[in-house]
Amino acid sequence: MTNFPEVLAASAKSWNVFQHRFDMAPLQLKLSVTSNPNKVSTLPEAPLCRAQDHLLTHIADQYNFVSCDLNTGLAFGWITEQTAQSSLYLRYHILEAAALSMLAACRVTALHAACVSINGSGMLLCGDSGAGKSSLAFAGAKSGWTFTSDDASYLLQNRTHNVVVGNCYQFRLRDSGAQLFPELHGRPITPRAIGKPSIEIPAQELSGITTAESTTVKAIIFLNRSPTAKPELLPFPKESARSWLHQGPFPHTASNRQQLAAIDGLLKLPVYELRYTRLEHAIDRLNQLAQIGT
């Protein structure tokens, strides 16, 4: 809800491609636009994020901020006309920051993982930043995998099956991805609200790519990319996986227990460590895993 049409236009750029698929109460974001009394001509710095229990704020300055109640799914904020007219800044630093924070606290369990399907078997590709999740998901999609997400996946709560949803409509890779994929040379670098700048590629611009907004996960893969790694797939300790996955949920929100329970349900699946050096080795090994069943 807003008093400025540019805010709705920016929202459409972020979310119009998605369809209403699940019966859940809507989240609310109320964003009011006002003139900047100081007549500053530059955009503010990226917002500073702070949280206390179930309350979270993104504050750029006294004229540009948004506050979120992570229990009720209600956010409100104020921005200047200049911020409202800068679609890229508004989307990344205000709209998507608030919406994804509320989604990850109220509706789903956020997982720092890519999600792909190989011959009908959904797989989560897990690992810290720089582990190669996005590049492997992109290379795999080019080889015939079905793509669901490349860095952020969301596990639906209160479901009997491990259903994961994601943004299958775009790929985001670090700017170093151009060294692996020549077709990315010359594409613009996009700033991100959290993390390093990225190259963004709409999936519709790539021929032969199959996508799916959701998939049922059958296996969890922790990536271990090393210059000297022998390509192999090994069992991964579930307690280590649990500790890593438990970093995602907000600890002081009403749905925290549900989120932790959803992760524990997910960990009933097989968990592996994939050691590899080259992307083609990783793709080949996961194709073999999908063929024998997970």
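Residues LEU223, LEU234: which one is over 14 Å from ALA113 (Cα atoms), touching a Leu at 6+ places or on another chain (Cβ under 9 Å) and in a strand (DSSP E or B)?
Exactly one of LEU223, LEU234 is over 14 Å from ALA113 (Cα atoms), touching a Leu at 6+ places or on another chain (Cβ under 9 Å) and in a strand (DSSP E or B), namely LEU234.
For the condition surrounded by 13 or more Cβ atoms within 10 Å (Cβ to Cβ) and not in a strand (DSSP E or B), what is the one hit in GLU6, GLU45?
Of GLU6, GLU45, the one residue that is surrounded by 13 or more Cβ atoms within 10 Å (Cβ to Cβ) and not in a strand (DSSP E or B) is GLU6.
If you take the residues of region 28-37 that are open to solvent by 50 Å² or more (accessible area, probe 1.4 Å) and under 26 Å from the mean Cα position of the chain (by Cα), which of them is farthest from PRO5 (Cα to Cα)?
GLN28
Any residue in region 56-79 that is of a type in the set (D, E, K, R), in contact (Cβ under 8 Å) with a residue 40 or more places away in the chain, open to solvent by 40 Å² or more (accessible area, probe 1.4 Å) and in contact with an Asp or Glu (Cβ under 9 Å, 6 or more places away or on another chain)?
No, that holds for no residue.
Name, by its number, the condition in (1) part of a helix (DSSP H, G or I); (2) modelled with pLDDT under 90 that does not hold for PHE138.
PHE138 satisfies all of (1) part of a helix (DSSP H, G or I); (2) modelled with pLDDT under 90 except (2).
Residues to consider are ALA114, ALA104, ALA131; find the one that is open to solvent by less than 40 Å² (accessible area, probe 1.4 Å), under 19 Å from LEU245 (Cβ atoms) and part of a helix (DSSP H, G or I).
Just a single option satisfies the conditions, and that option is ALA104.
Out of all the residues in region 263-280, is one or more open to solvent by 40 Å² or more (accessible area, probe 1.4 Å), modelled with pLDDT under 95 and under 21 Å from THR146 (Cα atoms)?
yes
Give TYR89, TYR169 a once-over and let me know the one that is touching a helix residue (DSSP H, G or I) at 6+ places or on another chain (Cβ under 7 Å), modelled with pLDDT under 95 and farther than 27 Å from ILE59 by Cβ.
Every option except TYR169 fails the conditions.
The values are calculated or read from the model by the stated rules, or taken from the named source; none is laboratory data. Fair warning: this is a prediction, and the values are worked out from it, not measured in the lab. Here Cβ is always computed from backbone atoms with ideal geometry, including for glycine, and neighbour counts include all displayed protein chains. Side chains included, ligands, DNA and RNA excluded: accessible areas come from the protein's heavy atoms. Shrake-Rupley method; radii C 1.70, N 1.55, O 1.52, S 1.80 Å.
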